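Any read-out appearing in this document is the output of simple, stated calculations on the displayed coordinates, not a laboratory observation. Bear in mind that the values here come from a model prediction, so they are computed numbers and not experimental data. Cβ: placed from backbone, ideal geometry, glycine included. Neighbour counts: every protein chain shown.
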Amino acid sequence: MTAHHEASNVVPGESIVVKGLTVEYGKISALNNLDLAFPRGCVGLLGPNGAGKSSTLKAILGFVRPVAGRIHIFGIDAVRKRRTVRRRIGYMPERDTHLAGLTGFRAVSLAGELSGLPRNEAYMRAHEVLQYTGLGEARYRSVEGYSTGMRQRVKLAQALIHDPPLLFLDEPTNGLDPEGREEMLTLIQDLTRNHHKDVILSTHILHDAEAVVDWVAILREGRLVGAGPIQDILPESQPLFRVRISGDPATLRKTLAHFGISGELDSRGSGLLSLPAGAGPRLLFQAASTASACIHDLRQHRPGLEEAFFHALDEKTEKTQ
């Protein structure tokens with residue numbers, strides 16, 4: 001895909017700044033005085049269903065009017081100048097919104113025309129983005145006959161048609177099989193790394209976010225409970241190793257404890273062991289040798305985003321109780 005916007009690989013500053021954002025649906029508060037600044041690059045907006053992710057996106061996109069708060073996109077007031085900011089935004093909704101009877105090509109070219117492109121340019125761009133998203137050979141087939149993965153790709157093509165610098169992707173891997181999920185995540189990575197798009201990825205699939213984002217914001221019940229670079233959000237812990245050890249269980253437990261190694265091993269000698277801070281695999285081999293045991297398998301375990309996510313939620317719960 002040929003990018004129309006020139007940009008460097010890393011751009012400082014924020015793509016979106018939200019201050020005091022409050023969204024209500026009748027008596028239900030979806031967002032409560034949310035302050036959040038999205039940095040440039042690929043950002044994950046995380047949280048369980050009902051956390052306020054979709055309400056945040058809808059308020060930023062102008063689909064709902066906030067009760068209070070300010071929204072700036074690339075420094076532009078998104079409430080007062082909606083048309084200006086919408087030209088800079090591509091939106092891939094979670095749910096299908098295709099008009100009946102349209103081919104993939106027509107669905108995408110129509111999105112381009114609605115974005116303000118002249119028809120000839122919309123046609124040219126539709127061919128281009130459909131090829132990029134892997135739908136080149138299926139462009140003249142009806143969208144209604146597409147698989148789930150193909151419908152997700154055509155929604156991404158619609159978001160890309162006018163070549164916006166900022167993309168909102170709402171649950172882009174929803175309903176995809178493992179292969180389709182991997183292909184979608186590869187496209188997202190390519191958009192940020194090689195086409196210099198800023199991406200807001202809203203998802204409840206934490207593994208997907210961990211694979212592609214650089215920075216995350218975690219919402220719960222309309223409030224921000226954690227935010228920062230993904231390497232800072234990942235929990236710090238003692239070194240963890242998944243092991244399989246053979247030897248006398250009682251002797252092994254006593255020896256591991258003597259070396260400051262904690263954790264539980266099952267009847268086959270397999271389990272997750274925690275080492276003292278700063279220790280490495282050598283300590284495990286020393287302990288096994290002392291216990292006259294043999295290590296058959298040893299792999300370091302790196303805590304993932306899912307653990308950090310629930311840790312942030314648990315911390316917030318403890319503080320409010």
### Percent of C-alpha pairs per 10 Å bin, the range 240-301, short to long
25, 67, 9
### Summary
Largest fluctuation, MET92, MET124, MET150 only, Gaussian network model of the chain with Cα springs under 10 angstrom, belongs to MET124
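How high is the FRET efficiency from ALA68 to LEU99, r the C-beta distance, R0 35 Å, rounded to 0.05? Spell out each step's value before the answer.
Numbers: r = 35 Å, r/R0 = 1.01.
In this case the efficiency is close to 0.50.
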### Query
Along the range 39-48, what does the Karplus equation 6.51 cos²θ - 1.76 cosθ + 1.60 (θ = phi - 60°) give for ³J(HN,Hα), rounded to whole Hz, x for Gly and Pro?
x, 5, x, 9, 10, x, 9, 10, x, x
### Task
Between PRO281, PRO39, PRO118, find the one with the highest GNM mean-square fluctuation for the chain; connect C-alpha pairs within less than 10 Å.
PRO281
#### Entry: Charge context of ARG40, other residues only, Cβ under 14 angstrom, K/R +1, D/E -1
0
### Query
Whose amide H sits under 5 Å from the amide H of ALA30, counting only residues 5 or more places off or on another chain, with H placed in the peptide plane?
VAL23, GLU24, TYR25
### Query
Which value, to two decimals, describes the C-alpha radius of gyration of the chain once divided by 2.2 N^0.38 Å?
1.22
### Query
Along the principal axes of its C-alpha atoms, what lengths does the range 5-132 span, in descending order and rounded to whole Å?
44, 38, 28
### Message
Using Cα-Cα distances under 8 Å and only pairs 6 or more residues apart, what relative contact order does the chain have, in percent?
### Response
19 percent
### Message
Counting only pairs 8 or more residues apart or on different chains, how many lysine pairs in the chain have their Cα atoms under 21 Å apart?
### Response
13
### Message
Tell me the mean residue ellipticity at 222 nm calculated for the chain from its helices only (DSSP H runs of n ≥ 4, each -39500 (n - 2.57), averaged over every residue, nearest 500).
### Response
-10500 deg cm²/dmol
